[in-house]
Amino acid sequence: MSESQKSYAARPAWIEVDLVQLRRNFQIINQDKPPNLQILSVVKDQAYGHGAAEVAKTVLDAGAKGLAVATIDEAVELVENGISSSILIFGERTEEEFKLCLEHNFTCFINDLSSAKLYSRLAAKAGKKVNVHVEIDTGLSRYGVRWTEALSVIEAIADENNFVLEGVMSHFAMSDELDKSFALQQLERFQQVLQDIEKRGIQVEYRHMCNTGGFLDLPQAHFNLVRMGTLPLGVYPSKVCRRINGLQPVMTVKTKVAAIKDLQVGDFVGYGMHYQASSPRKIAVLPFGYGDGFPRVRNQGEALIQGKRTPVIGGNAMDAMMVDITDIAETKLWDEVVIMGRQDQEEISVHELAHLKTSVSYDILTCLGWRLPKVYLT
Ligand SMILES: Cc1ncc(COP(=O)(O)O)c(C=O)c1O
């Protein structure tokens, strides 16, 4: 366990991360991809809740080319954990952040002329020549220079003495759905910019556009680098994208039965009185709530006890939820419960939890509570 995740009381609610499966997933992806394609491993937001440093070390060891995060603090945390690979930081930077990028040799994006001037001046002052990437906005309308204006900005950046234009990239708005028409339009816009750059004789080492959805379903957009966060974790971005045999989720979220009670006819369960027993029931209280990242539900969702699905009853609280164990008579106090993941033959997937929250797997993973200790299986 890393320092920030040290738990002084062994709380009966925790996250298990199987680093052996993570390595296996990465190896499977390595075998699936074309040999000359490199993988940048996206470990922002604690590697989607799995623990950035541990995930980063495992994937680098398994062949990742480098790492990407979203904030300077995330990058610094990786360095403080002894990681020395290249770190690319997504998004835009303030002047203070640019200075920190220089200090730590982080690679950042330069998407317009004013930040190019600023960063170049700061780099000159620090006596450094720095790698930069340019993001082309091909239709997401988030960060980056609009594709129609990209060439002049890239030319100016390529002309700066303090920069090495290491990468040019773009990001899909929708790569993991069946309808790829907009993704293909974005790809065409990106390819046009790349052709223009090439015509001007501007050298760029990395061209990258794909996240996991693109990697799986749009091989024509691979170029020489893909940025992947979710796939090595064994989580597909959607139901419809291509499957690779053998990938398995590396995270299991667990808790324990903290109390067992008998309900009499007419008893209510939970805040808001959303459940009332119409027959005598046996329930288990689990010390795991929406404060830990379980969606805020009322009589929805399930947990696994003794390898069986058991329904959540009533409205769940910040720190606890109740499940009906009437049909699982063998349940005992402090039995292990799986909130997300596999127990025997049953599995609750991250997508099942996302469905309860009318959201996506990324949202569930990144909202798992900071107060859940992580246990790494190695
Ligand atoms: C710019 C960028 N590239 C790549 C990724 C990785 O996406 P995925 O986890 O779907 O592979 C993200 C994640 O949100 C991203 O913001």
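Where a number appears in this text, it was derived from the coordinates with a stated rule and is not lab data. What you see is a predicted model, and the numbers here were worked out from it, not measured in a lab. Cβ placement follows ideal geometry from the backbone for every residue including glycine, while neighbour counts extend to all protein chains displayed.
Note on the range 65-154: Cα-only Rg and Dmax are 13.3, 41 Å.
With contacts defined as alpha carbon pairs under 8 Å and 6 or more residues apart, what's the relative contact order of the chain in percent?
18 percent
Pair-distance distribution of the range 56-114: all C-alpha pairs, bin width 5 Å, starting at 0; shares per bin in whole percent are 4, 19, 31, 23, 13, 7, 3, 1.
Residue ranges 272-279, 165-172 sort as 165-172, 272-279 when ordered by packing (mean number of other C-beta atoms within 10 Å per residue, highest first). If you look at the Cα atoms of the range 244-378, you get an Rg and a Dmax of 14.8, 50 Å.
Just so you know, the averaged projected area of the alpha carbon convex hull for the range 140-181 sits at 3.9 nm².
The DSSP beta bridges internal to the chain are antiparallel in roughly 50% of cases. Each principal axis of the range 107-158 carries a Cα extent, and these read 36, 18, 15 Å when sorted largest first.
Please figure out what share of the DSSP beta bridges in the range 44-157 is antiparallel and state it in percent, rounded to the nearest 5.
0 percent
Considering the dipole of the range 319-378 built from charges on the beta carbon (Lys and Arg +1, Asp and Glu -1) around the Cα centre, which of ILE328, LEU365, ILE339 is farthest to its positive end? Value computed over the given set: LEU365.
Remark: for residue pairs LYS308/LYS374; LYS44/LYS199; LYS57/LYS332; LYS282/LYS357, the C-alpha separation exceeds 32 Å in LYS44/LYS199; LYS57/LYS332. What fraction, in whole percent, of alpha-carbon pairs in the range 302-347 exceed 14 Å separation? I get 48 percent for the Cα pairs in the range 302-347 exceeding 14 Å. In plain terms, the C-alpha convex hull of the range 2-100 casts an average shadow of 7.9 nm² when viewed from every direction.
Normalised by residue count, the range 214-270 yields a Cα convex hull volume of 180 Å³ per residue. Tell me whether the range 223-306 comes out rounded, prolate or oblate; compute the Cα gyration tensor, take square roots of the eigenvalues as a ≥ b ≥ c, and use a/c under 1.5 as the rounded threshold. Prolate, since a/c reaches 1.5 and a/b exceeds b/c.
For the chain, a simple Cβ point-charge model (Lys and Arg +1, Asp and Glu -1, everything else neutral) yields a dipole of about 280 debye relative to the Cα centre.
Quick check: Cα centre of the range 321-357 to Cα centre of the range 242-294, how many Å? Cα centroid of the range 321-357 versus Cα centroid of the range 242-294: 7 Å apart. For a test of the definition: using alpha carbon positions, the gyration tensor, and the 1.5 limit on a/c, classify the range 86-128 as rounded, prolate or oblate. The shape class here is oblate. Largest mean-square fluctuation among ILE136, ILE202, ILE325, in a Gaussian network model of the chain whose springs join Cα atoms under 10 Å apart, belongs to ILE202. The smallest convex shape that holds all Cα atoms of the chain, its convex hull, gives 148 Å³ per residue. Across the alpha-carbon set of the range 280-359, the Rg to Rh ratio works out to 0.93, Rh being the Kirkwood radius.
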